[in-house]
1. I'd like the full set of residues that are open to solvent by less than 20 Å² (accessible area, probe 1.4 Å) and closer than 22 Å to Gly133 by Cα, limited to the range 28-49.
2. How many residues are open to solvent by 40 Å² or more (accessible area, probe 1.4 Å) and not in a helix (DSSP H, G or I) if we restrict to the range 135-156?
3. Looking at Gly204, is it over 17 Å from Leu362 (Cα atoms), surrounded by fewer than 24 Cβ atoms within 10 Å (Cβ to Cβ), in contact (Cβ under 8 Å) with a residue 60 or more places away in the chain and among the small types (Gly, Ala, Ser)?
4. What number goes with the only condition from (1) in a loop (DSSP other than H, G, I, E, B); (2) under 20 Å from the mean Cα position of the chain (by Cα); (3) small (Gly, Ala, Ser) that Ala132 does not pass?
5. Search the range 211-222 for residues that are within 15 Å of Lys360 (Cβ to Cβ) and pair each with any residue that is among the small types (Gly, Ala, Ser) and open to solvent by less than 20 Å² (accessible area, probe 1.4 Å) when their beta-carbon atoms are under 8 Å apart and the residues are at least 6 apart or on different chains.
Amino acid sequence: MAMKQEAPRVSRWVAAGLLGIVILAPTQYGVEVMKKVHLSPVDPLIGITFLVWLAGMVRTGAWRAIRAPMAWPILFVALAALSVVSSTNRLRSASEVVQFAEYFMAAYLLFVTSLSDRATFRMVLNVFLAVAGVVILFGLGQYLWPAVADFKVRATFNNSHVFGGFLSLVLPLLFGMMLYTEGVWRRLAFLPVILAGLVATLSGGTFLALTLAFGVLAMVRGWKCFASVMAIFFLLVFLAMPLLPRHNLDVLKNSISLFNEEGDLSRRYIEWQAATEMVQEHPLLGVGAGGYQDKIGTFYGILPVVGGTAAPADSQNLYLVLAGSIGLPGLAAFLALLGFGAAGAAKGFLGRDGLEASRKGLYLGIIGSLLAFSVNSFWSPLLVRGVGIPLVIILALATARPGYIRSATRSPTSVVE
């Protein structure tokens, strides 16, 4: 009897922790605890919340009933841990593996089991959307402030590339929900935030990813929707964008252009070639998790580096970074993790008759989010602080199902049920 009385108190702490994680996640601000290793505000909160959740699970015996889909997250983290063997800076590699474990094991397990409860699912989703709206409007404010450089239109992130990664997760989610929300006025409520995000997008890779994702989602909704969305989209691009204060089209084009103003190959793509050499020489284990940036300079060989100029921050290819640092098997596990999330959202979208429209739109939006994130990752290494946990939340929203936890307690988050 005492256990049943204590369970709600523990579950309230877990729920508060979940909300705190959602609120604190979308930022790269943190404290550098060692060279190139930062501790962000959300990191200790994830650890504390997970331990409280785990203690409740053990105390109630509910841990025996966990059926969460952890195979791909565990495999990804295990392969990343294996790469430490080939690292020349094992402390740095170990810290990177710990962060992967925090994101894709602790945080994912915490969210995917908690979200199996309908009330918790709604709570987390609503707060996530509200926080995303605030971040987007903050970025729009920077965009409208002339003193802020284009690359510093970043909202709560370090630069426009990482901000673009966040936008690639949230804007398709909002768009998918907008397509299925009932009522014209409720549907139009999503539009200002989506437009604000598009205006503040100054990363060419992000804009291409969003264009593709929006087109695919509109096509799924129907050919009339696709035709309407594409017509509006092209009108905005060719009529409205040239009038914007930052000349968005030029900024977007220059950010992913193959050649710079002098006609030389952009440093970003030269680095891609060097990263390919890294993968060829270390295909199985890579150079060690977190070791890409320290080692990439040794793989340029005879590749020209014009003027010794550095590539813009966060302009690497995520897939080459992962393959070069943790090996091709580790990259394959990460891609499978994304694919599993997309498959879970597709199953939710297609598999249940009578599914309420808002949930159907959510699942469609998640598919668009994972598609946009995957495309955008060709131009930016988006598995970074500030974007990693929002990605985990998207994956958990995609794959959470009733029955992952079957607890005897009445806790609303199954300490979790």
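The values are calculated or read from the model by the stated rules, or taken from the named source; none is laboratory data. Please read all numbers here as calculations on a predicted model, not as lab measurements. Cβ atoms come from the backbone with ideal geometry, glycine included; neighbour counts cover every protein chain shown. All accessible areas refer to the heavy atoms of the entire protein, side chains included, with ligands and DNA or RNA removed. Shrake-Rupley method; radii C 1.70, N 1.55, O 1.52, S 1.80 Å.
1. The answer is Gln28, Ser40, Val42.
2. 5
3. Considered against the rule, which asks whether it is over 17 Å from Leu362 (Cα atoms), surrounded by fewer than 24 Cβ atoms within 10 Å (Cβ to Cβ), in contact (Cβ under 8 Å) with a residue 60 or more places away in the chain and among the small types (Gly, Ala, Ser), Gly204 comes out as yes.
4. Ala132 satisfies all of (1) in a loop (DSSP other than H, G, I, E, B); (2) under 20 Å from the mean Cα position of the chain (by Cα); (3) small (Gly, Ala, Ser) except (1).
5. As it stands, the answer is Leu217/Gly176; Leu217/Gly365; Leu217/Gly368, since those pairs meet every condition given.
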